[in-house]
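Chemist: Please see the structure below; I have some questions.
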Amino acid sequence: MPAPLAGLTVLDFSPLLPGPFATRILADLGAKVIRIESPDRPDLVRQGPPFVAGVAAGHAYLNRNKQSLALNLKAPGALAAVLRLVVQADVLVEQFRPGVMARLGLDYTTLQAHNPRLVYCSITGYGQTGPLRDRAGHDINYLALTGLSAGSGRQQSGPPPQGLQVADVAGGSLHAVIGILAALRQREQDGLGQHIDISMSDCAFHLNALAAAGQLAADCDTPAEGGLLNGGSHYDYYRCRDNRWLAVGSLEPPFLIALCQAIGLPELAARFGIDPAQAKRQLAARLAEQDRASWEAVFASVDACVEPVLSLPEALDSELARARGWVVDVAIGDDTVRQPAMPIRFSRAEAVYGQAGGAVGEHGRTILREAGLDEMEIAALQAAGALGPACDADLQQ
């Protein structure tokens, strides 16, 4: 079956996580993604352990299905080579601070003149405008400045550091993909591309749907442990006797009644309407009396929204993961590596799992030739020091 985005060409100038995650989604859906990397300033994701087949596992996943061109954008001839790629591209994704692409001669206004159909997506921490546009930031900063951190965690211990990059991925990456696909749809109607300004802090705020809506409409703040979903109710995590945990999401009355009946305290459901804090303490005490495995057996046949808190290895080995195909084998060199699968399922299309991300510039010769550069032009780039070592090796094939 065909991939949904087959025929699209994407130029990816982004390092680290948000941009590469977004373009990996596009690549999994069939787009041709050309990643343009610095030959002498490697992406930090390439250097982080663990490694598989000599490649960082994170890089191998984030850059799945992509081609790599190592190009020094400041070297003579590099800009002209990029423009040859731009005129053939549908989408460009960049993740530099505002103004960097303009200094390189690769800003949207300049490239639009070469390709009016280009959809140009900029991903930054604080957007192209505003007081923090030039400020550095990371995921924890975006969550802090948008109110998400203050509403999480415990009143005594404060907000917890997250084990995943919420603002980067759920904010920046996924909103970038939405914006790109929307702009491509509009281009079908009028033939013109446009610039998309993705701020990870904007998008993080957008994720805080219920609390932000309540605050804006009714001036109703939701501090940590002060709301229905952040520890202020029995919707919470509970420690078991063996120091493992259960996630209790029994919000609706039928689920709460089923929960209390399953743990042998049917009268507790009514107490939540009288003294919810005391009832929650009783629930916690009861769940602490048995190991997690015992409660798993109890709730296996009870529809009460109660599930075990699994470690990542346990989750990957679960029946759910196997049934839903969370993991795929992807080629890497002469071997394969297990990676997270594309989670979107189509009735008449399939995701692409061609190859894991590899060496910097490993597809340089192919990319430049397909862009229309002849051997003399490629040799000139090489002589000017514009091409990285992997591309040099490619040129000698």
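Chemist: Could you check the simple spin-label distance between Thr336 and Gln88, using points 7 Å along Cα→Cβ, in nm with one decimal?
Modeler: About 3.2 nm separates the two model spin labels.
Chemist: Right, something else. Under 4 °C and 1.567 mPa s, how fast does the stretch 292-342 diffuse according to Stokes-Einstein, given a Kirkwood radius computed over C-alpha pairs? Answer in µm²/s, whole number.
Modeler: Numbers: Rh = 13.0 Å.
Taking Rh from Cα pairs, D becomes 99 µm²/s.
Chemist: Please compute the Kirkwood hydrodynamic radius of the stretch 245-308 from all pairs of different C-alpha atoms, in Å with one decimal. Numbers along the way, then the final one.
Modeler: Values: mean 1/r = 0.0859 Å⁻¹.
Evaluated on the stretch 245-308, it is 11.6 Å.
Chemist: Rounded to the nearest 10 degrees, what's the angle between the helix 253-262 long axis and the longest principal axis of the chain, both from Cα atoms, 0 to 90?
Modeler: That helix lies at roughly 70 degrees to the long axis.
Chemist: Continuing with the same structure: Treating the angle as unsigned and between 0 and 90°, give the value, to the nearest 10°, between the Cα long axis of helix 18-28 and the longest Cα principal axis of the chain.
Modeler: Roughly 80 degrees between the two axes.
Chemist: Remind me, relative contact order of the chain in percent, using alpha carbon pairs under 8 angstrom and six or more residues apart?
Modeler: Details: 696 pairs, mean separation 87.1, N = 397.
Relative contact order, the chain: 22 percent.
Chemist: On a straight-distance basis, which lysines could pair with Lys66 in a cross-link, Cα separation under 24 angstrom, same-chain partners fewer than 8 positions away excluded?
Modeler: Cα-Cα hits under 24 Å: Lys32, Lys74.
Chemist: Also, I was wondering about something else. Two decimals, Cα atoms only, Kirkwood Rh: what is Rg/Rh over the stretch 35-82? Present the calculation step by step, with values, prior to reporting the outcome.
Modeler: Working: Rg = 12.6 Å, Rh = 11.9 Å.
We get a ratio of 1.06 for the stretch 35-82.
Chemist: Restricting to DSSP H runs of at least four residues, report the calculated mean residue ellipticity at 222 nm for the chain, -39500 (n - 2.57) per run over all residues, nearest 500 deg cm²/dmol. It would help to have the intermediate numbers written out before the result.
Modeler: Values: 18 runs with 147 residues, N = 397.
It comes out at -10000 deg cm²/dmol, rounded to the nearest 500.
Chemist: Also: At a Förster distance of 56 Å, what's the computed FRET efficiency of Asp291 paired with Arg97, Cβ-Cβ distance as r, to 0.05? Write down the numbers at each step before the final one.
Modeler: Working: r = 51 Å, r/R0 = 0.90.
So the FRET efficiency works out to roughly 0.65.
Chemist: May I pose another question? Please find the FRET efficiency linking Val298 to Val328, where r is the Cβ-Cβ separation and R0 is fixed at 35 Å, and quote it to the nearest 0.05.
Modeler: Numbers: r = 34 Å, r/R0 = 0.97.
Using R0 = 35 Å, I get an efficiency of 0.55.
Chemist: Compute and list, largest first, the equivalent-ellipsoid semi-axes of the chain from the alpha carbon gyration tensor, each √(5λ) rounded to a whole angstrom. Numbers along the way, then the final one.
Modeler: On the way: eigenvalues 442, 119, 67 Å².
Computed over the chain, the values are 47, 24, 18 Å.
Chemist: So what's the net charge close to Arg103: Lys and Arg +1, Asp and Glu -1, counting the other residues with Cβ under 11 Å from its Cβ? Please report the intermediate quantities before stating the final value.
Modeler: Numbers: positive: Lys74, Arg97; negative: Asp107.
That works out to +1.
Chemist: Quick one: putting +1 on the C-beta of Lys and Arg, -1 on the C-beta of Asp and Glu, what dipole do you get for the chain around its Cα centre, in Debye to the nearest 20? Write down the numbers at each step before the final one.
Modeler: Values: 32 positive and 42 negative charges, 48 e Å.
That gives a dipole near 240 debye.
Chemist: Pull out the extension gain between Met376 and Ala6, defined as 0.36 nm times the separation in residues minus the alpha carbon to alpha carbon distance; nm, one decimal. Intermediate results must be reported in sequence, preceding the final value.
Modeler: Numbers: separation 370, 0.36 × 370 = 133.20 nm, distance 3.12 nm.
Going from the current span to full extension adds 130.1 nm.
Chemist: Moving to a separate point now. For Gln186 paired with Gln155, estimate the spin-label separation in nm (one decimal), with each label point 7 Å from Cα along the Cα-to-Cβ line.
Modeler: Spacing of the two 7 Å Cα→Cβ label points: 4.6 nm.
Chemist: Another question about this same structure. What does the C-alpha gyration tensor say about the overall shape of the stretch 20-62? Classify as rounded when a/c is under 1.5, otherwise prolate if a/b is larger than b/c, or oblate. Provide the component values of the computation, followed by the final result.
Modeler: Values: a/c = 2.48, a/b = 1.41, b/c = 1.76.
Oblate is the answer for the stretch 20-62, as a/c is 1.5 or above yet b/c matches or exceeds a/b.
Chemist: Still on this structure, please answer the following. Where does the stretch 1-145 land on Rg(C-alpha)/(2.2 N^0.38 Å)?
Modeler: Numbers: Rg = 15.6 Å, N = 145, 2.2 N^0.38 = 14.6 Å.
Output field value: 1.07.
Chemist: Which of the trypsin sites (Lys or Arg not before Pro) found in the stretch 327-382 are in a DSSP loop and have at most 13 neighbouring Cβ atoms, other than their own, within 10 Å? Provide the component values of the computation, followed by the final result.
Modeler: Numbers: sites: Arg338, Arg345, Arg348, Arg365, Arg369; in loops: Arg345, Arg348.
When the trypsin sites (Lys or Arg not before Pro) of the stretch 327-382 are filtered for loop state and at most 13 Cβ neighbours within 10 Å, Arg345, Arg348 remain.
Chemist: Right, next: With a 10 Å radius around each residue's Cβ, average the other Cβ atoms per peptide and rank 320-328, 219-227, 13-21, 79-87, highest first. Spell out each step's value before the answer.
Modeler: Numbers: 320-328: 12.6, 219-227: 14.9, 13-21: 23.7, 79-87: 18.6.
Descending packing order for the listed peptides: 13-21, 79-87, 219-227, 320-328.
Chemist: On to the next question. Students often check this: by mean Cβ neighbours within 10 Å, which of 103-109, 33-39 ranks highest, and how do the rest follow?
Modeler: Details: 103-109: 16.1, 33-39: 23.6.
Packing order, densest peptide first, comes out as 33-39, 103-109.
Chemist: Using the beta-carbon distance between Arg345 and Asp275 and R0 = 51 Å, what value does 1/(1 + (r/R0)^6) give for FRET efficiency, to the nearest 0.05? Walk me through the numbers on the way to the answer.
Modeler: Values: r = 45 Å, r/R0 = 0.88.
Calculated value: 0.70.
Where a number appears in this text, it was derived from the coordinates with a stated rule and is not lab data. Please read all numbers here as calculations on a predicted model, not as lab measurements. A quick note on method: Cβ atoms are made from the backbone with ideal geometry, for glycine too, and the neighbour counts reach across all protein chains shown.
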